[in-house]
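Trainee: First the structure, which I've put down as structure tokens, then a few questions once you've had a look.
Read-outs: derived from the displayed coordinates by stated rules, not from any lab. The shown structure was predicted, so the numbers you read here are calculated from the model rather than taken from an experiment. Here Cβ is always computed from backbone atoms with ideal geometry, including for glycine, and neighbour counts include all displayed protein chains.
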Amino acid sequence: MKHTENELLALKEEVGQMWRLVLSQLEKAKQAFEGNDIELAREVASREKRVNSFELKIDSDCENFIALYNPVAIDLRLVLSLIKISITLERIADFADGIAKYVIDAAGNTEVEDLKDDLKIEPMFDAVIEMLSNSYMALESENTRFAGKILARDEIVDEIYRNAIQVLAEAVRNKKLDPENGLKTMLVIRKIERIGDHCSNIIEEIVFYIDAKILKHSKKEEAKD
């Protein structure tokens, strides 16, 4: 039993390492976008393969754990959750990579600069970074108190996204923004919105695991009484 617990802790730590890397990727993608920092954007793009390697290794390690230990109940829920979380983290990293590539491709193009405040891209970034960070804390502490806050943040992200589309459309209509640049910027904002959706999926996976664990422990306490 002790060996099984150690293996589960090792799997959680592996996912934690991937999580920290993806969070760093997202933070740097934000900085690159806000500061038109091409070098930082290139750093994000170059680290994408590391994220992919993490996802493949975690998937393999989780499959090996299931094959070796045939876990049931709460242990199986944890392993299945870790597999799904690692896949979702990889997708978030893909979006960060896409944002970084936008910064590289848009080098020298300042047309969107005047719209950044109206688009509210910075607070949108801040919201999804907070969601991803709080989701990590929820898994580490095995406490779902962050869940409601995270899901509420996603609603804010969705609202900013809808408003940003209107701002871009108006700028294109008024010939303040080239249609192609407007479309590319919209795709960046869409990527951030999708990151928010994926963060919501992650916290739902964590709740799935933790609530089952709490329920299991509660039943044990009732049995003792």
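Trainee: Looking for whichever is in contact with a Lys or Arg (Cβ under 7 Å, 6 or more places away or on another chain), within 22 Å of Ala212 (Cβ to Cβ) and in a helix (DSSP H, G or I) here; the options are Ile83, Ile104, Ile74. Which one fits?
Mentor: Exactly one residue qualifies, and that residue is Ile74.
Trainee: Please work out which residue is surrounded by the most Cβ atoms within 10 Å (Cβ to Cβ), limiting yourself to segment 135-159 and to residues that are of a type outside the set (A, V, I, L, M, F, W, C) and in contact (Cβ under 8 Å) with a residue 60 or more places away in the chain.
Mentor: Ranking the qualifying residues of segment 135-159, first place goes to Ser135.
Trainee: So which residues in segment 160-188 are under 22 Å from Asp126 (Cβ atoms), touching a residue at least 24 places away in the same chain (Cβ under 8 Å) and among the hydrophobic types (A, V, I, L, M, F, W, C), if there are any at all?
Mentor: Of everything in segment 160-188, those that are under 22 Å from Asp126 (Cβ atoms), touching a residue at least 24 places away in the same chain (Cβ under 8 Å) and among the hydrophobic types (A, V, I, L, M, F, W, C) turn out to be Ile160, Ala164, Ile165, Val167, Leu168, Leu187, Val188.
Trainee: Of all residues in segment 107-121, count the ones that are assigned to a helix (DSSP H, G or I) and farther than 13 Å from Ile156 by Cα.
Mentor: The qualifying residues number 7.
Yes or no, residue by residue, for (1) on the phi < 0 side of the Ramachandran plot; (2) polar (S, T, N, Q); (3) crowded, with 16+ Cβ neighbours inside 10 Å:
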{"residue": "Asn52", "(1), (2), (3)": "yes, yes, no"}
{"residue": "Val72", "(1), (2), (3)": "yes, no, no"}
{"residue": "Leu80", "(1), (2), (3)": "yes, no, yes"}
{"residue": "Ala107", "(1), (2), (3)": "yes, no, no"}
